[in-house]
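Below is one structure, written out as structure tokens, with a few remarks after it.
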Amino acid sequence: MNLRKNVQNLTNEELKNLRLAFDKLMKISDNRGFNYIAGFHGVPQFKCWHHWRRRGEQRLLPLFLPWHRAYLYWLEQHLQDQVPEVTLPWWDWSSGISRIEGIPKAFSDKKDQSAKPNPLYKSHIFVPTATPPIDEDTFRNPGSPSELPTKNDVDAVIKNKNFSDFEDDLEEIHDNIHGWVGGSMGRVAVAAFDPIFWAHHCMIDRVWRIWQMDRADLGFPHDLLDEVLEPFPFKVRDVLEVKGLGYEYASTSNEVIVSG
Amino acid sequence: MGMKKLQSDINKKGRKSSKELQTYTTSVPINFDIKKIEKFDRADIEFHGVDHAGVSYEGRVFLNNPRANANTPKALQYGYVGSYHIFGHGGCFGDIGHCDVVKQNRRYDFRSEHPLTAGYKRLRITDQLRELCKKYSEFTVTVVPIVNTDRKMKAMDLTNILKFGKIAIVTYES
């Protein structure tokens, strides 16, 4: 069972391995590589689910959470192809330290521990089929850390009793974070090319997991369990239980706040 | 929980294609008849048919403050009742027609709707509305878009960001 951790709690060795795995994946240009997988979300494949949409004549489908859970799983598997012990960390943007330093240093430092370029700081987007073709680095334009959501905001989301309200409120915070990071993250089309996308969505997935823990049926509308999460080999029912995907979230997340 | 829908269709025809969207950069009056409501347990402002093809933005929502702008304090005394956020597509990266939202109307078309199909946002305003109802019986909704601008947005339209199909104030009672 893989254990996903708060990025602030990664050991030096774990952070080194995470960076190594991303670096290796970014150097692969075929369908095993980071550029290809990042392209599922927006350009060029546009498979992501946000808001509620229909498929055919069906009612509105809230596939935002299960689709992104499958997406995280998919990248994590490919990272583990490069460095087997690596798991995706989450960025708790509601934590005290985030509301001081903003984007975690693991992702905001331009250089890694060896003074080499930090692969978690940015990636290179190469999508020659876009109009116009995209051949550029990701970038960020973050807001003030004090504007990030608070723990109370997250707690209020988790207190929602029905899935519809929970999903709406969690997606609202999700949208807020994308806009707060800004730059590439503020554009659906290229957001997944920024490595911080994955730590952000890991936090979203973790909040969903926490909400599910109090619900024996995992809380998803029963009539939508067989919806397909294209392009992944899953239906909704396959991703509801995280342990079935081989991972779990660390139950505690101690953090060290460095006050200025 | 029963529901009272207390207004108000801005565009009763709804959204059929991106070209038919109305653009609001000013305030929208909503006739909210407070006399018909004795009590409510929850109140929301709902934004239907929200366009998300362009930039990401924070929509600051004010009631009865049509002159609100980006510098207006986010406090109830200025009519501020909360914000919603849109994760925008960021413009079109395809060929001509790529971002045109076409309604599927063939019986055996099982593809999902276009990713840019207009979205929905809801803002819970229960306590704020209760407070404002002490002073007002009619409301005007003003949305002020705040954009995290960056160097690559020069080519994008930052003046016509707000596009809705319908705005409603909805109250619930047990």
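Key figures
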quantity: Per-region count, the stretch A:21-38, residues touching a Pro at 6+ places or on another chain (Cβ under 8 Å) and either aliphatic (A, V, I, L, M) or under 14 Å from A:PRO89 (Cα atoms) (or both); calculated: 2
quantity: Which numbered condition A:ARG32 fails, given (1) modelled with pLDDT of 95 or more; (2) more than 19 Å from the chain's Cα centre (by Cα); (3) surrounded by fewer than 15 Cβ atoms within 10 Å (Cβ to Cβ); calculated: (2)
quantity: Criterion: over 18 Å from A:TYR73 (Cβ atoms) and in contact (Cβ under 8 Å) with a residue 40 or more places away in the chain - qualifying residue of A:LYS24, A:LYS47; calculated: A:LYS24
quantity: Candidate set from the stretch A:44-77 (those that are more than 17 Å from A:ALA191 (Cα to Cα) and aliphatic (A, V, I, L, M)); member that is modelled with the lowest pLDDT; calculated: A:LEU60
quantity: Any hit, the stretch A:74-87, residues being in a strand (DSSP E or B), in contact with a strand residue (DSSP E or B) (Cβ under 9 Å, 6 or more places away or on another chain) and crowded, with 20+ Cβ neighbours inside 10 Å; calculated: no
quantity: Qualifying residues in the stretch B:50-94 (those that are more than 22 Å from B:GLY165 (Cα to Cα) and within 13 Å of chain A (Cβ to nearest Cβ)) - the one surrounded by the fewest Cβ atoms within 10 Å (Cβ to Cβ); calculated: B:LYS74
quantity: Subset of the stretch A:5-19 [assigned to a helix (DSSP H, G or I) and among the β-branched types (Val, Ile, Thr)]; calculated: A:VAL7
quantity: Test set (1) more than 30 Å from A:ASP137 (Cα to Cα); (2) among the acidic types (Asp, Glu); (3) in a loop (DSSP other than H, G, I, E, B); (4) touching a residue at least 24 places away in the same chain (Cβ under 8 Å) - B:GLU131 fails condition number; calculated: (3)
quantity: So A:GLN113, is it modelled with pLDDT of 95 or more and surrounded by fewer than 18 Cβ atoms within 10 Å (Cβ to Cβ); calculated: no
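The values are calculated or read from the model by the stated rules, or taken from the named source; none is laboratory data. Since we're looking at a predicted model, the values are computed, not measured. Every residue, glycine among them, receives a Cβ derived from its backbone with ideal geometry; neighbour counts consider all protein chains shown.
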